[in-house]
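Heads up: the structure comes next, in structure tokens.
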């Protein structure tokens, strides 16, 4: 790990210790009832973490927050923080994590629980061992603090490791699970209340529903991972025929996602546009394109007409998957132009789906910023000039204005120039679309 990552982990450890001291000051010392509750929920936390499932990014999906939050509201004491910290350390040792990773995971859980407890008390929350009345508002504040702290800490450390924007990491990690976390959070309060009223035996009996919730998490994670892997497989199958554009679809998807975020689109719509961008050229897997994609020379007018059918072919192929039917418009119309001169349907302006308008621009940006055998990649200034020149001609003017503000475009395309040089002589883009460099590289 980098020095910045190590420093951040050290900061989290110091913050965890400091917040733990504040929690200890709320109620120094320990009694048998609180210690027993903390140990019971810590043991349950170890069990569910050991049974947690691995998700696509190599981390683990877990519902350990349920016994941990239950422990917090039952004791409202430092012993819960200690129990969570020790439980996490045990699990990290079981998984044989590195020292730095294990330290961070234990510290971030400890910090999240400590902060949650402090907020709970500040909001008027009482330990369920002393007061079994319903503390809805304080518990809501505790849950919000816990999830927000956990999400921010994990996203921040991943950001330092991957050198990616923290907000992008936060969205990637939280978008698919936050709704399940929110829905499951009342279960933690129920666990705590049952423990306070009936004792550890009945709480253990409630572990069966807890395992059912875990299975829902796992099933949802498996479905999302399978969905993503199938999309990636389809795209790789296409690009195997056309190494000239290897990696193009993934880059266009990434650009589309960033542009959609810049436009302020919400999670659901943003993800669907990203998926459409990933699949925008999937129709090229059709046999009629194979000889054209591998042709080393200039395309004939007839071959160019065939290539212009690929958006419709892509939409037809995607249409066979019922869960992807809402992507059809974005895929079919990603080569339409704002002025109506595109293909396959020559629609114009706002008739073109928003997703297609975003993909059109992302497609062109990738083409312009990628080295090709017949030309060098354009600079950020050249890309900006082309976008300005084709604003309201090929591209949606509102989207253009949004990405041209400040240094956003330069940041979008920064980094080492990507090479698209294949192992054979590529085709030459036909003069049919030679109105501008941007149109040349984006229309095929």
Could you tell me the center-to-center distance, by alpha carbons, between the stretch 382-414 and the stretch 95-112 in angstrom?
43
Give me the number: length gained by fully extending residue 295 to residue 17, i.e. 0.36 nm times residue separation minus the C-alpha to C-alpha distance, one decimal in nm.
93.6 nm
Calculated FRET efficiency for the pair residue 101/residue 164, C-beta based, R₀ 22 Å, to 0.05:
0.75
So how far apart, in nm, are the two label points at residue 7 and residue 407 if each is 7 Å from Cα heading toward Cβ?
1.9
Residue separation times 0.36 nm, minus the C-alpha to C-alpha distance between residue 126 and residue 43: what's the value?
27.6 nm
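Quick check on packing: order 273-283, 247-257, 181-191 by the mean number of other C-beta atoms within 10 Å, highest mean leading.
Values: 273-283: 26.2, 247-257: 22.0, 181-191: 18.3.
My ranking of the peptides, most packed first, is 273-283, 247-257, 181-191.
Taking R0 as 41 Å, what FRET efficiency do you get between residue 133 and residue 326 from their Cβ-Cβ distance, rounded to the nearest 0.05? Walk me through the numbers on the way to the answer.
Working: r = 46 Å, r/R0 = 1.13.
Calculated value: 0.30.
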Between residue 348 and residue 250, what is the label-point separation in nm under the 7 Å Cα-to-beta-carbon projection?
3.9
Protection proxy (average C-beta count within 10 Å per residue), highest first, orders 386-393, 320-327, 71-78 as 71-78, 386-393, 320-327
In nm, what is the difference between 0.36 nm times the number of residues separating residue 190 and residue 381 and their Cα-Cα distance?
62.9 nm
Mean Cβ neighbour count within 10 Å, used as a protection proxy, ranking 335-343, 294-302, 17-25, 113-121 highest first:
113-121, 335-343, 17-25, 294-302
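No lab work stands behind these numbers, since they all come straight from the coordinates. Note that this is a predicted model, so its numbers are computed, not measured. Counting neighbours? That spans all protein chains shown, and the Cβs are built from the backbone with ideal geometry, glycine included.
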